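Below is one structure, written out as structure tokens; the observations come after it.
The values are calculated or read from the model by the stated rules, or taken from the named source; none is laboratory data. Note that the structure is predicted; figures quoted are calculated from it, not measured. Every residue, glycine among them, receives a Cβ derived from its backbone with ideal geometry; neighbour counts consider all protein chains shown.
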């Protein structure tokens, strides 16, 4: 007869204390989306993409007219850095890097085969260029030279914008008439590097390429300044000193919550700069005076800060579609920045997000050809240079169409250059701007009107922006 076996008795388990409230995951709160749009699909596509055709001849002429003199103007600085005049001089490197990015070639190895056989912008075939020589130049040629070329070209493009005539959004037109400039600063984290060569091969995961900060002119969509920081985890507040040096007196600056700094705001006040931002939910304030009070809007002068940072600002609260939007500005007088104009201008801050999307997704600043910090910075300046040229081209098309810039698709202007090349080949006297304007609807350059829907992203322009500027009585 089998004797039943007894299961071993489990040892007593000591009771486990519940984790502190801070350690318990809160499933009710949605996770914050990463500020980095990882574009692995772009990276994979780039490495497998076949060679693309050279840019249209008129595009080459436009780039040569703008960029070559700016690159040649850096000759004295080039030699001042102790650099020797080799085959890969600054003008040659600028041409190679710009063409590499414009045509979105898959690799340096592929690009070397091209430049040894084809004329690239203003550079004839190099014949004996090696991959090692080009990669070394990307790592060692000071990237600041590319930055200086960009800063030389931006004022030229800004003057071109001022000479053109095209409609502006009402709020932007009002701001242009009342301030010396309307500027938007913001930062964006660069995407991950590919672990293929060098020290990156031993990395546990693909490291991010760093962080960039741009100061965008709202009206022209052109950058005033662009900065680079190799640390991708840093906060935007690290750029405050550089921003303060770049913002002119009399300007209006529109920034997001990441730039909340009472001491820096006080500095802007002293320099005669008007600023507009969102207010944090936990903002502590003391009401001084009520400027506007209606069922939908509150506009008050309040005290914020302590000690040396204590200052008076305007707190604007508006209720729309069941949401309360709260803004802060140092413009204490309604005549300096009317309530309706402030509410209409803040959603325009999204224009810098549009610029980042063009730079990273359309022009490919999500794929880095070299992991060296110098090469990353060089590619950053070159990509923003191409962005500025593309914005200038799009603005010229908007002027020819007599339409606001916002109604013209930057992406479709870029993609339509393929058709410009074919049209110019048939008729060398053809004006590319006129061609793009005449074929705007066929080529998709004019944006189709969309039915406005409520935005889910709290940082995107709110639905109320389409109804402003309004009078105070209309907001009641």
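Couple of notes before you dig in:
- Residues that are touching a strand residue (DSSP E or B) at 6+ places or on another chain (Cβ under 9 Å) and under 19 Å from residue 382 (Cβ atoms) occur in the stretch 71-91; there is at least one.
- For the stretch 69-97, a residue qualifies if it is outside any helix (DSSP H, G or I) and touching a residue at least 12 places away in the same chain (Cβ under 8 Å), and the qualifying residues are 73, 74, 81, 83, 87, 88.
- Every residue from the stretch 279-312 that is touching a residue at least 40 places away in the same chain (Cβ under 8 Å) and under 17 Å from residue 340 (Cβ atoms): 291, 292, 294, 295, 296, 297, 299
- Just one of the listed residues (341, 379, 312, 319) is assigned to a helix (DSSP H, G or I) and closer than 30 Å to residue 289 by Cα, and it is 341.
- In the stretch 250-267, the residues that are in a helix (DSSP H, G or I) and buried (at least 20 other Cβ atoms within 10 Å of the Cβ): 259, 265
- Residue check for residue 315: touching a strand residue (DSSP E or B) at 6+ places or on another chain (Cβ under 6 Å) and in contact (Cβ under 8 Å) with a residue 40 or more places away in the chain: no
- Unmet criterion (only one of (1) part of a helix (DSSP H, G or I); (2) modelled with pLDDT under 95) for residue 403: (1)
- Tally of residues being surrounded by 19 or more Cβ atoms within 10 Å (Cβ to Cβ) and assigned to a helix (DSSP H, G or I) across the stretch 115-147: 8
- Selection status of residue 231, under 18 Å from residue 365 (Cα atoms), modelled with pLDDT under 90 and surrounded by fewer than 17 Cβ atoms within 10 Å (Cβ to Cβ): yes
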